1. Which shape class applies to segment A:1-135: rounded if a/c is under 1.5, otherwise prolate when a/b exceeds b/c and oblate if not, where a ≥ b ≥ c are the square roots of the Cα gyration tensor eigenvalues?
2. Using the Cβ atoms and a cut-off under 15 Å, what net charge is assigned to the surroundings of A:R192, where Lys and Arg are +1 and Asp and Glu are -1?
3. Any idea which of A:M198, B:A184, A:A219 is furthest toward the positive side of the dipole for the protein assembly as shown, if Lys and Arg beta-carbons carry +1 and Asp and Glu beta-carbons -1?
4. Please compute the length gained on full extension between B:V186 and B:L109, using 0.36 nm multiplied by the number of residues separating them and subtracting their Cα-Cα distance.
5. Dipole of segment A:15-144 (Lys/Arg Cβ +1, Asp/Glu Cβ -1, origin at the Cα centre): which of A:T73, A:C29, A:C126 lies farthest to the positive side?
6. Under the rule a/c < 1.5 gives rounded, and otherwise a/b versus b/c splits prolate from oblate, where does segment A:139-202 land using the Cα gyration tensor?
7. For B:S6 and A:Q187, what does the FRET efficiency come to when R0 = 60 Å and r is the distance between their Cβ atoms, rounded to the nearest 0.05?
8. Would you calculate a helix-derived [θ] at 222 nm for chain B, using -39,500 (n - 2.57) for each DSSP H run of n ≥ 4 and dividing by the full residue count, to the nearest 500?
Amino acid sequence: MTSLPQPLPGAKKLGLVIDLDTCVGCHACAVNCKEWNTGGHYAPLPDHEPYGKDPAGVWFNRIHSYEAGCGSTSRTVNFPRSCLHCDEPQCVTVCPTGASYKRAEDGIVLVNTDICIGCKLCSWACPYGAREFDDDAGVMKKCTLCIDRIYNETLPEAEREPACVATCPSRARHFGDLGDPNSKVSQLVAERAGVALMPELGYAPVNRYLPPRKATIPAKPLEQRATGTTNALLRMIDKVLSR
Amino acid sequence: MTPATSVLLLTTLTGFGYGLIAWLGILAALGFLPSAPLFLPIAVLVGLGFANAGLVASTLHLGHPERAWRAFSQWRSSWLSREGVASLSTFPPTIVFAALWWILGPDALATRTFGAIAAVLGLVTVGCTAMIYASLKPIRQWHNPHTMPDYLIYAVFSGAVLLAAIWALWFGAAHGLAIAALIAAVAAGSAKFAYWHFIDRQKPLVTLASATGLAAFGTVRPLDQPHFAENYVLREMGYQIARKHAVKLRWIALTLAFLLPALLALLAASGIAPVGAATAAAFSALVGLLVERWLFFAEATHVSTIYYGR
């Protein structure tokens with residue numbers, strides 16, 4: 001059913017919190033996502049000519065790099081982008097077959113690839129460009145929040161988190177229940193003033209991005225003025241050099 | 001948005017088919033159609049043929065056409081599903097309408113009633129098609145108050161030129177309908193002009209700074225793309241039409257879809273070569289509207305491409 005589910009009392013709202021301050025842009029999350037998911041829930045993910053001239057394939061996670069600001073205060077911001085598991089996902093409601101759905105119990109947005117007709121309308125309805133079409137299978141695929149890891153009882157409990165989170169070497173990715181204000185991720189968002197992307201479009205995305213910290217470490221001036229120093233030798237050198 | 005042949009054919013051909021059925025149904029309900037017994041059933045077949053061709057074309061772009069029947073299930077939330085349901089539900093009353101005309105005659109209340117039902121359902125289908133596009137918030141050129149009325153106006157115009165052509169071929173003249181086609185061409189051309197005026201003055205929905213949540217840092221510009229090659233999102237939604245080509249194509253669309261059919265309808269209305277003029281008007285409108293529909297897609301921009309700096 002592509003009508004959105006009624007929110008259940010106390011239901012989880014699983015999502016990611018991505019720290020743009022500590023993300024180093026290494027693409028490990030994208031690579032591990034591809035690695036896990038090409039053997040996971042939506043396996044296989046197309047990967048045509050991976051070492052050829054025109055590689056093409058489905059990726060659920062793509063890492064952009066931006067320059068924010070201008071001049072000496074500008075900074076490089078690495079920006080991983082994946083499905084935001086929106087609360088108002090139009091990708092779900094436009095689906096004519098019921099293949100696209102949002103789970104009531106944890107808010108994860110999924111595609112039932114057994115009934116997807118491959119009309120691609122859901123990808124048109126997503127403002128974040130999160131869905132990618134599998135030309136080989138003729139169906140739409142997307143981030144599952146690693147549903148086959150986070151509930152996987154054959155994995156050790158510490159590994160029951162999305163592949164992108166598990167692999168991040170700078171701990172820039174966090175996974176948790178954003179519907180619970182006391183959860184670690186919610187507190188992190190509150191503490192760091194995390195933002196939703198394009199809130200004005202009304203999709204109510206669940207994932208949050210933590211903006212880069214503005215704080216800078218004040219650098220010492222390169223040269224200390226010698227005037228006023230009590231050292232007679234330095235005063236003399238300064239006098240000579242200042243002529 | 002990348003224009004896909006299947007969707008161009010769907011929206012254009014169903015516009016002609018359901019537009020023709022709407023004209024036939026309304027004129028029959030009002031008692032304005034000539035009582036030639038074969039005219040209406042054959043005209044209805046032409047209309048259903050156009051609609052059917054469009055619907056079949058639309059299944060060609062599906063990844064799984066054999067699963068297309070599943071698209072009738074989600075009419076509660078999806079305009080695409082509603083379009084499917086409405087398009088199929090137009091067929092039975094339209095066939096009954098043609099059969100009743102044949103059996104009971106044009107003046108029977110049942111014939112007129114079914115004519116009206118067929119007309120309304122045909123226009124509802126076109127409205128649902130329009131809403132598929134008008135409801136997509138990430139595409140500003142579609143998600144606006146123009147899209148829905150425009151699709152209806154183009155369908156009414158397509159139906160008028162098609163009916164005028166059939167009428168002229170059948171009876172050798174089509175005064176009243178040629179005038180209707182002329183008025184519809186002027187209305188449809190004006191609607192298109194107003195639409196272009198509107199989209200040319202729209203502001204982009206977001207900036208890269210707001211899309212990344214980095215507005216506090218000032219302007220944001222892309223440094224590195226996620227991958228060296230084009231991906232699905234860019235191939236499907238990153239289509240960009242050259243400005244100089246767009247201007248030329250707009251003139252081609254305006255001329256072929258509306259100006260030429262209007263002039264030809266004027267000729268037909270004044271009795272100068274009505275058969276040739278009315279037929280040529282319908283052909284010109286078909287080609288012109290395909291160009292117009294191509295532009296409707298090619299000029300539409302999708303907000304997700306902002307992440308790629310487009």
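Throughout, read-outs are computed from the coordinates displayed, never taken from laboratory work. This structure is a prediction, so every number in the text was calculated from the model and none was measured. For neighbour counting, all protein chains shown are included, and Cβ atoms are generated from backbone atoms with ideal geometry for every residue, glycine included.
1. Oblate, because a/c is 1.5 or more while a/b does not exceed b/c.
2. +3
3. A:A219
4. That works out to 24.3 nm of additional length.
5. The residue sitting farthest along the positive end of the dipole is A:T73.
6. oblate
7. Efficiency, rounded to the nearest 0.05: 0.75.
8. My calculation for chain B gives -22500 deg cm²/dmol from helical runs alone.
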